[in-house]
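Have a look at the structure below before the remarks.
The values are calculated or read from the model by the stated rules, or taken from the named source; none is laboratory data. Just so we're clear, the structure is a prediction, and the values are computed from it rather than from any experiment. Cβ sites come from the backbone with ideal geometry, for glycine too, and all protein chains shown count toward neighbours. These accessible areas exclude ligands, DNA and RNA; they are computed on the full protein's heavy atoms, side chains included. Shrake-Rupley method; radii C 1.70, N 1.55, O 1.52, S 1.80 Å.
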Amino acid sequence: MLYAILSDVHANIDALEAVLKQADKSGVDQIACLGDVVGYNAMPNECVAMITERNIQTVLGNHDAVACGIEEPWGFNKYALDAVLWTREHITEETSEWLNGLPDALNYGEFVAVHGAPKNHNIYLFSWRDAAMHLDFMDEQNCNVCFIGHTHTPAVFTADGKDAANIDGPIVLDPEKIYFINPGSVGQPRDNNPDASFGLYDTETRTFELIRTSYDVERASQRVREAHLPKLLSDRLRIGR
């Protein structure tokens, strides 16, 4: 099967629409979302509606958890805090209930999907050293591929310690190795590239490919300004950082 792996949509409807259009062009069979559908940007209800209309299975992200009241925003920086509290005030009851029902992990057999670290969506995985702390989880899930989000930065961490921050071209995954793979962010990329980011994973060929998709960044930035969210959140969309 060919999967599209999305993460960190963050209420950016313009980016989400572009990514879903590109995924459809690629002929994907199924889409998995690694969480943080809301937060930072201005269209949380619209993004949740689009995800649910497409029946896209989604795990719970840290912004999702705070937005619906499962958790409090301990450790959020000022801009994230302002945005998530704005989101709490602006999401509908239906959106809140959907977020509240999201699981912490999804196991697809060929891979497992989480948001941050396995069993703790608030922890960032920046390297194989970080990921190696969670090998027991991979044994429990009986998988050797784990898709992660949360950092907004594409990366491939492998058991041989060769971390790949710059993913150029398709990568064939070795069935004898364990992988933690981050497809980057749909709605707020942070790798100095403003284009929306997502991944394609072919379970038959065991091939992962990072896809970048341009979208109307100016329109997304304008939505943030019109919602009176912090200006920094509007500016960073243009620079991808």
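One table, with the values for the structure above:
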read-out: Residue in the stretch 84-100 that is in contact with a His (Cβ under 8 Å, 6 or more places away or on another chain), over 22 Å from LEU20 (Cβ atoms), surrounded by fewer than 20 Cβ atoms within 10 Å (Cβ to Cβ) and of a type in the set (A, V, I, L, M) present; value: no
read-out: Criterion violated by GLU176 - all others in (1) of a type in the set (D, E, K, R); (2) part of a loop (DSSP other than H, G, I, E, B); (3) within 15 Å of the chain's Cα centre (by Cα) satisfied; value: (3)
read-out: Close pairs from the stretch 88-116: first of a type in the set (Ser, Thr, Tyr), partner open to solvent by 40 Å² or more (accessible area, probe 1.4 Å) and assigned to a loop (DSSP other than H, G, I, E, B), Cβ under 9 Å, at least 6 apart; value: SER96/GLY69; TYR108/MET1
read-out: Residue within the stretch 46-67 that is open to solvent by 30 Å² or more (accessible area, probe 1.4 Å), farther than 23 Å from GLN30 by Cβ and free of Cβ contacts under 8 Å to residues at least 40 places away in the same chain present; value: no
read-out: Selection count where residues are of a type in the set (Asp, Glu) and in a helix (DSSP H, G or I), scope the stretch 62-114; value: 6
read-out: Verdict on VAL112 being among the aliphatic types (A, V, I, L, M) and more than 30 Å from ASP174 (Cα to Cα); value: no
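Residues checked against (1) in contact with a strand residue (DSSP E or B) (Cβ under 8 Å, 6 or more places away or on another chain); (2) farther than 17 Å from LEU106 by Cα; (3) open to solvent by 20 Å² or more (accessible area, probe 1.4 Å):
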residue	(1), (2), (3)
CYS143	yes, no, no
PHE157	yes, yes, no
PRO170	yes, yes, yes
GLU176	no, yes, yes
ASN182	yes, no, no
GLN188	no, yes, no
PRO194	no, yes, yes
THR205	yes, yes, yes
